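Comments concern the structure below.
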Amino acid sequence: MTKQERIANRAKTPPMGWNSWDCFGPNATEEEVRANADFMAKHLKQYGWEYVVLDLGWYGESINDHNYKNSNIPLHIDEYGRLMPDSIMHPSSKNGLGLKPLADYVHNLGLKFGLHIMRGIPWKAVEEKCRIKGTNKTADQISYKREICPWFNSMHTLDFTQPEAQKYYDSIMELYASWGVDYIKADDVNAWHEVERSTGSPTGEGSPYRIDDIEGMSAAINTCGRDIVFSLSPGGPETTVINHLRKNANLWRISADFWDEWGSFVKQTDRCAIWAPFATEGHWPDADMLPFGYMPRGESGGHERFSNFSIEEQRSVISLWCMFRSPLMFGGHLPKCSQETIDLLTNQEILDINQNSFGNKEFDRTEDIRLWTAQNGKGSIYAALFNLSQKEQEIQFGFDSLGLKGSRRIYDLWLQEELGEFANEFKTKVNAHSTVVLRIS
């Protein structure tokens, strides 16, 4: 198997799981992670949900929503300048065990464990001149304090003219592999410019595409001795870097953080339409997390709340993510989510589109309507009808627009019922901010 085949083999289908960021922000505790893992194992694993991802801040001392963007926050590191978990938030990490006990707990549930990391090397490692494992160089000799991440100001940039910079990434991936990490979400490496639909080009200010860091992390994963899915964050790169993305990563974000605001969803429909043709086995454009359900605290505002998205809107979001074949990472605190939300996550026919369809694309649009299609390989075609407007709309399409002729049987995947046989075309009323997903046989 070639290097490229090994990379692609790690994520043959879009990963499905839970991430701690939306609901807990930078200070998710071990107890909270375990509670979500328990819920996933009991209620969601049978539907394909399997990753439990601990996001930013697991190494911070007294870190919270108000201070994590400050410069040089207190961090825990080992003798080689590698970030280590805070033992208050993660009690099982004491005595140098790191996150291995937590990963073991997740694995024992039949799930996989993921971890968020930042680009670069901790400021504390530079200040203390920690030696890079396997070398005679120290952290201050292979880094510089420029191009600092605008939302996490506690990492210095690695100088890849020094071979020891690669050695540092090798050392952290070696550590994560020893803990049993299955998924890495690497932050501040993927360009996050806004994308203008009419041109497909980035607009406004943003963070650049970090070629050296992406290649360095990818190379380190490939030699760490463990199959680790590699995800790039945040997002909004140009599609012209597609070959570089595929050569190095399994997933890459296509936007800045996606939150529960309807206008953000409308913009995401444009981005998904641009990126859909570039999804391929093992390499998935990522529309970001699903900000649904209960959020006790978090970067979304730091206060207790439920998602701003109604159930109809949540259905629209997950419908687009599945038609687009985005990775599915749930952002809410699972044990306190409503049954209505959980029902959205356990509709196997909708999830099958995400995991098994092909030819996914937007096939028509107006100002307020988006129409998507995909094939299932079993002689049927999926069609999703998105109503982005503030009022009910009648949406119709001709079968010829999908390359079909004659009469067809139509099944509604959300209602889970047969709608009957239709000749040449189909039309239906769709509620405001809602979506209908059909299987056309």
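Scanning the chain for DSSP H helices at least 18 Å long along the axis (C-alpha atoms) with a Kyte-Doolittle mean no lower than 0.0 picks out 311-324.
I'd like the distance between the alpha-carbon centres of the range 61-121 and the range 210-282, rounded to an integer number of Å. When both Cα centres are located, 23 Å separates them.
Hey, with R₀ at 25 Å, roughly what FRET efficiency would Asn136 and His244 work out to, going by the Cβ-Cβ distance, to 0.05? All intermediate terms of the calculation are to be shown ahead of the outcome.
Details: r = 32 Å, r/R0 = 1.28.
So, using R0 = 25 Å, E works out to roughly 0.20.
Average projected area of the Cα convex hull of the chain, in nm²?
Values: hull surface 82.5 nm².
The Cα convex hull of the chain, projected and averaged over all directions, gives 20.6 nm².
If you count the DSSP beta bridges with both ends in the chain, what percent of them are antiparallel, to the nearest 5?
Among the beta bridges of the chain, antiparallel pairing accounts for roughly 65 percent.
Say R0 is 60 Å: what FRET efficiency, to the nearest 0.05, do Ser407 and Trp151 get from their beta-carbon distance? Intermediate results must be reported in sequence, preceding the final value.
Details: r = 54 Å, r/R0 = 0.90.
Taking R0 as 60 Å, the efficiency between Ser407 and Trp151 is 0.65.
Amide H contacts of Trp414: Val437, each under 5 Å away and 5 or more positions distant or on a separate chain (H built 1.01 Å from N in the peptide plane; Pro and chain starts excluded).
Using 20 Å as the Cα-Cα cut-off, could you pick out the over-long pairs in Lys42/Lys94; Lys405/Lys427; Lys69/Lys145; Lys112/Lys247; Lys137/Lys167? Present the calculation step by step, with values, prior to reporting the outcome.
Details: Lys42/Lys94 28 Å; Lys405/Lys427 16 Å; Lys69/Lys145 16 Å; Lys112/Lys247 24 Å; Lys137/Lys167 10 Å.
As for pairs spanning more than 20 Å Cα to Cα, those are Lys42/Lys94; Lys112/Lys247.
What Kirkwood Rh does the range 294-441 have if only Cα atoms enter the pairwise 1/r average? Answer in Å. If you can, show how the numbers build up before the last one.
On the way: mean 1/r = 0.0617 Å⁻¹.
Evaluated over the range 294-441, this radius sits at 16.2 Å.
Close amide H partners of Asp159, meaning residues 5 or more places away or on another chain with modelled amide H under 5 Å apart, are Ser143, Tyr144. Kindly identify the range 82-199 as rounded, prolate or oblate by the Cα gyration tensor criterion: order the square roots of the eigenvalues as a ≥ b ≥ c, call it rounded if a/c is under 1.5, otherwise compare a/b with b/c, prolate if a/b is larger, else oblate. Because a/c hits 1.5 or more and a/b fails to exceed b/c, the range 82-199 counts as oblate.
Laboratory data are not the source of any read-out in this text; all were calculated from the coordinates shown. Computed from a prediction, not measured in an experiment: that's the story for all the values here. Glycine also receives a Cβ, built like all others from the backbone with ideal geometry; neighbour counts cover every protein chain displayed.
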